[in-house]
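Some notes on the structure that comes next.
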Amino acid sequence: MTQPFALPAHLTPDLAQLRTYWDGLKRGENKVPFADDVALSKLPGLQGRLLLVDVFDKPVRFRFNIVGADVSAWYGGDLAGKFADEIEAKGPLAYFPAQASATVEARAPTFHQDGAARLLLPLWGNGYVSALLGVVVR
């Protein structure tokens, strides 16, 4: 079965940088790193394009916790504190709820490209995927 939002064979350097960082956060044999291990300060070249999204379980909802300045500017407004189902899925966030849901369900990285390229990576906490780490690149 083909995974929706599958990763391409090759990632651009910025996407690959975030994927490498995420892989480096994994503890032991865990397939998904823990959310409390993320330090966005270790990604200075990407900060304006990063997303950190809180995942709520039952029902599944996505709240933008940290949104880089470049992403907010491309989108056309501040998104921090807003839920994905409360905003228009446009520009750099086209198909965001669908991709975020696929990331949670697969517990694996996902990719979407529609003008901008977006990589979402799951983070574990509280017994489920509790956050998503992402980057948007034009």
- Message: If you only keep lysine pairs separated by 8 or more in sequence, or across chains, how many in the chain come under 22 Å at the Cα atoms?
- Response: 4
- Query: Of all DSSP beta bridges in the range 24-138, what percent run antiparallel (nearest 5)?
  - Reply: 95 percent
- Item | Contact order normalised by residue count of the chain, Cα under 8 Å, 6+ apart, percent | 28 percent
- Please report, in debye to the nearest 20, how large the charge dipole of the chain is about its Cα centre when each Lys and Arg carries +1 at its beta carbon and each Asp and Glu carries -1 there. 180 debye
- Query: For the chain, modelled as a Gaussian network with Cα springs under 10 Å, which listed residue fluctuates most, ALA89, ALA100, ALA39?
  - Reply: ALA39
- Query: Quick one: if you stick a label point 7 Å off each Cα along the C-beta vector at ASP57 and ALA94, how many nm between them?
  - Reply: 3.4 nm
- Given only helices, namely DSSP H runs of n ≥ 4 each adding -39500 (n - 2.57), what is the per-residue ellipticity at 222 nm of the chain, to the nearest 500 deg cm²/dmol? -6500 deg cm²/dmol
- Between beta-carbons, use under 13 Å as the cut-off and find the net charge around LYS31, counting Lys and Arg +1, Asp and Glu -1. +1
- Query: Running Debye on the range 16-96 with equal point scatterers at the Cα sites and no solvent, what base-10 log of I(q)/I(0) appears at q = 0.17, 0.18, 0.24, 0.26 Å⁻¹?
  - Reply: -0.78, -0.87, -1.24, -1.29
- Task: Just report the Cα centroid separation between the range 11-28 and the range 80-138, whole Å.
- Result: 16 Å
- Task: Using every Cα-Cα pair within the chain, state what percent have a distance larger than 26 Å.
- Result: 13 percent
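FYI, it's all coordinate maths here, none of it is from the lab. Treat the numbers as computed from the prediction; the structure is a model and nothing was measured. For neighbour counting, all protein chains shown are included, and Cβ atoms are generated from backbone atoms with ideal geometry for every residue, glycine included.
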